[in-house]
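The values are calculated or read from the model by the stated rules, or taken from the named source; none is laboratory data. None of these values were measured; they are calculated from a predicted model. Here the Cβ positions follow ideal geometry from the backbone for every residue, glycine too, while neighbour counts run over all protein chains shown.
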Amino acid sequence: MLITKEHLQKRIAVASKQIPADIVIKNGIIIDVFNLEFLQADLAICDGFFVGIGEFEGNQIIDAKGRYISPALIDGHVHIESSMITPSEFAKVVLPHGVTTVVTDPHEIANVSGVEGLEFMLNNSEGSPLDVYVMLPSCVPATPFEHNGAVLTSRELEPFYSHPRVLGLAEVMDYPSLRMADDRMLDKVEMTLQRGGHIDGHLAGLDSTAVNVYKASGITTDHESHTIEEGKSRLARGMYLLIREGSVAKDLTSLIDLVTLKNARRCVFCTDDKHLDDLIEEGSINHIVRLAIQCGLDPLLAIQMATLNPAECYGLSHKGALAPGYQADFLLIDDLENMSIAEVYKSGQCVAKNGVYLEKPEASVTSESKVSRSIVLPKLTSESLQLPLTSSQANVIGIIPNQITTNKLVEEVNRDHGLFVPSLESDQLKMVVIERHHQTGNIGLGIVKGFGLKAGAIATTIAHDSHNIVATGTNDADLHIAIEAVADCHGGLVIVKDQKVIASLSLSIGGLMSDQSYKQVYDGLLQIKPALLKLGFVGDFNPFLTLSFLTLPVIPSLKLTDMGLFDVQTMSHIPVSV
């Protein structure tokens with residue numbers, strides 16, 4: 001919002017009680033995130049901004065009825081594409097949970113569609129009641145060890161810095177390029193710093209020397225800490241510690257004891273990647289605040305970490321507090337410890353009540369041709385999925401439930417005529433990654449342990465970060481059908497048993513997001529869970545989301561790309577056979 005002299009004159013007049021406020025909130029308990037105290041007073045709102053705390057008269061009165069009044073919540077780092085819905089639909093899901101602002105990194109759609117993907121995310125979120133701020137993807141492609149759909153250099157990114165909702169450069173995942181001061185990486189970093197932008201880090205599995213390198217380069221955040229030691233290392237070097245609790249990566253319980261009154265101002269909550277069903281059923285940042293309180297954190301401190309801290313981290317000086325000069329984004333909360341949110345307000349207007357988004361007439365959700373129908377599948381034969389082994393000893397990807405890291409295992413596996421045979425008894429399944437952007441014909445094959453499937457196969461086009469087709473299964477016939485089925489529906493999720501598709505969800509926008517409403521997508525996801533049970537899946541984790549991260553070659557230890565099995569520790573492809 002452009003502040004004019006007329007705006008200032010009106011605000012001053014309301015603040016000095018010369019004229020009534022547009023809106024006054026009365027009878028509430030104000031959460032003061034600066035002093036970590038409760039206040040009992042009126043809050044005056046003018047032109048969607050708070051202008052005073054005290055006693056005020058207003059043209060409209062909001063009776064808080066003794067509830068807590070909290071700043072609205074901010075998600076410090078999220079990939080909207082992981083919800084499988086567009087930004088405009090995402091808003092309808094997170095607003096009832098008290099989240100009115102997100103800082104998003106659209107590197108998923110950018111890795112598929114490049115500049116067109118970024119334009120889609122910005123355009124689709126324009127005019128939304130959810131404030132969607134964008135960090136420009138720094139690593140498209142993420143690594144040179146796989147094939148994605150686009151390349152974004154500093155030249156392609158530069159025009160986006162003029163957009164008012166672009167805040168800086170998203171998570172720098174390519175540490176080797178940063179450490180070696182590669183020109184292409186430093187061009188992006190330099191361009192961002194010269195424009196006063198913010199830069200996110202991605203320090204998965206890296207030591208204190210790497211933290212020094214990142215911070216010396218002007219990179220100020222990290223959301224990849226899993227232990228207190230890692231978190232302290234970031235904080236000691238002046239970084240913001242983003243504590244993540246998503247659908248797969250759940251770090252809150254292992255990090256929350258690190259947070260004290262002395263360091264909490266440098267700690268922020270984020271979801272990173274969270275599936276639609278988890279967002280609807282658990283919540284977003286409100287869920288993290290609730291968990292933090294259950295772990296013993298002071299509720300006021302938890303609220304501060306979800307409001308003021310992310311606002312200051314990303315230079316959003318008008319957000320995150322209930323005080324004059326701050327945007328009137330606030331919540332009315334019945335029960336603070338359980339984060340029972342009664343009403344959600346954006347710029348002083350109610351947008352959600354009792355967990356329900358207040359619908360406004362909108363055009364139906366439709367895809368855009370530039371980012372749709374993005375799957376080009378090579379012709380598959382019966383030999384395409386065969387995995388030759390020269391030894392009965394093999395390198396196996398060991399999944400860790402609810403984590404995006406994996407174990408590098410060496411196990412005895414079954415062979416038939418020199419070809420790998422999945423073993424249900426040993427829980428060793430075949431895994432396939434097929435390049436789907438440029439018809440390279442690349443097919444990566446490997447072995448994965450931990451899914452516990454007893455039949456069939458699953459396939460998806462959500463495969464971080466290049467988003468090729470990834471599949472795992474108990475036999476080649478079902479794998480073949482699952483792969484072709486996910487291509488036929490222009491991307492999404494597919495479950496196959498006995499050579500029949502028993503459940504699927506189309507994600508036609510880049511193979512990542514649906515062109516349907518969030519309610520339709522949620523209904524589709526509800527069909528996925530019982531279908532997984534038919535394959536014998538009984539795990540306490542999301543198998544599709546877990547599978548989608550097994551292709552990410554910047555997260556330890558063993559992953560699979562379209563170019564083959566990848567050892568993250570040595571940053572090189574290795575044979576499956578030992």
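Structure notes:
- Residues in the stretch 313-337 that are assigned to a strand (DSSP E or B), in contact with a strand residue (DSSP E or B) (Cβ under 8 Å, 6 or more places away or on another chain) and surrounded by fewer than 16 Cβ atoms within 10 Å (Cβ to Cβ): 1 in all.
- Tally, over the stretch 8-32, of residues that are outside any loop (DSSP other than H, G, I, E, B) and surrounded by 15 or more Cβ atoms within 10 Å (Cβ to Cβ): 15
- Count of residues meeting criterion [aliphatic (A, V, I, L, M), closer than 26 Å to Tyr326 by Cα and not in a loop (DSSP other than H, G, I, E, B)] in the stretch 259-312: 14
- Among the numbered conditions (1) in contact (Cβ under 8 Å) with a residue 24 or more places away in the chain; (2) of a type in the set (Asp, Glu); (3) in contact with a strand residue (DSSP E or B) (Cβ under 9 Å, 6 or more places away or on another chain), the only one that Asp222 does not meet is (1).
- Leading residue by the ranking (farthest from the chain's Cα centre (by Cα)) among those in the stretch 303-332 that are of a type in the set (A, V, I, L, M) and over 11 Å from Ala72 (Cβ atoms): Ala323
- Restricting the stretch 53-93 to residues that are out of contact with any strand residue (DSSP E or B) (no Cβ under 7 Å at 6 or more places or on another chain) and crowded, with 24+ Cβ neighbours inside 10 Å leaves a set whose member that is nearest to Ala13 (Cα to Cα) is Ala91.
- Meets criteria (farther than 23 Å from Ala463 by Cβ and modelled with pLDDT of 95 or more) for Asp187: yes
- Residue check, Asn35 surrounded by fewer than 23 Cβ atoms within 10 Å (Cβ to Cβ) and part of a loop (DSSP other than H, G, I, E, B): yes
- Test set (1) farther than 27 Å from Asn414 by Cα; (2) buried (at least 22 other Cβ atoms within 10 Å of the Cβ) - Pro543 fails condition number: (1)
- Within the stretch 212-238, the set of residues being over 16 Å from the mean Cα position of the chain (by Cα) and surrounded by 23 or more Cβ atoms within 10 Å (Cβ to Cβ) comprises Tyr214, Ile219, Glu230, Gly231, Arg234.
- Within the set Gly58, Gly76, the sole residue that is at pLDDT 95 or above and over 15 Å from the mean Cα position of the chain (by Cα) turns out to be Gly58.
- Flag for Val496 being in the same structural domain as Met563 (by TED's automatic domain parsing), in contact (Cβ under 8 Å) with a residue 12 or more places away in the chain and in a helix (DSSP H, G or I): no
- Test: Phe50 is assigned to a strand (DSSP E or B) and either crowded, with 20+ Cβ neighbours inside 10 Å or in contact (Cβ under 8 Å) with a residue 40 or more places away in the chain (or both): yes
- Check on Leu526, in the same structural domain as Lys497 (by TED's automatic domain parsing), surrounded by 21 or more Cβ atoms within 10 Å (Cβ to Cβ) and either of a type outside the set (Lys, Arg) or at negative phi (or both): no
- Taken residue by residue, the stretch 502-518 has at least one member that is surrounded by 21 or more Cβ atoms within 10 Å (Cβ to Cβ) and assigned to a helix (DSSP H, G or I).
- Residue selected from the stretch 239-279 under the condition without any contact (Cβ under 8 Å) to a residue 40 or more places away in the chain and under 23 Å from Thr209 (Cα atoms), by the criterion surrounded by the most Cβ atoms within 10 Å (Cβ to Cβ): Leu241
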